[in-house]
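Remarks on the structure that follows.
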Amino acid sequence: MNGDFLQRQAKAFAERVRREVGAPQGDDTPDHVRRALEIALVRPATADEIAAGTTLIDNLEGQDGVGPSRALEIYCLMVLNLNEFAYLD
């Protein structure tokens, strides 16, 4: 689930989110999270999902020293690994 193919897809996914929302600038992280979830899950994101995604990106940047663009790519990879995205109901 985290091989080269999915890494490339996550990068392309993050690029689409950046095109539609704008480059990450700190306070717009919830907008990036919301848009990524809307694209992948084809439904509105919940407040809890947005909060969890924002926390993940903030932790990647603050605690792990990951740059904003890469943090968004990692988040997009996580979204592509969600059961709701990977499996049909």
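Being more than 18 Å from PHE85 (Cβ to Cβ), of a type in the set (A, V, I, L, M) and open to solvent by 60 Å² or more (accessible area, probe 1.4 Å) is the filter here, so list the residues in the stretch 24-70 that pass it.
Hit for the stretch 24-70 is ALA47, nothing else.
Tell me which residues, restricted to the stretch 1-22, are touching a residue at least 40 places away in the same chain (Cβ under 8 Å) and either out of contact with any Leu (no Cβ under 9 Å at 6 or more places or on another chain) or open to solvent by 90 Å² or more (accessible area, probe 1.4 Å) (or both).
The answer is MET1, ASN2, LYS11.
List the number of the failed condition for ASP28; all other conditions in (1) out of contact with any helix residue (DSSP H, G or I) (no Cβ under 7 Å at 6 or more places or on another chain); (2) modelled with pLDDT under 95 hold.
(1)
The values are calculated or read from the model by the stated rules, or taken from the named source; none is laboratory data. These numbers were taken from a predicted model, which means no experiment stands behind them. FYI the Cβ positions are ideal-geometry reconstructions off the backbone, even for glycines, and counts take in every protein chain you see. The area values use the complete protein model at the heavy-atom level, side chains included, leaving out ligands, DNA and RNA. Shrake-Rupley method; radii C 1.70, N 1.55, O 1.52, S 1.80 Å.
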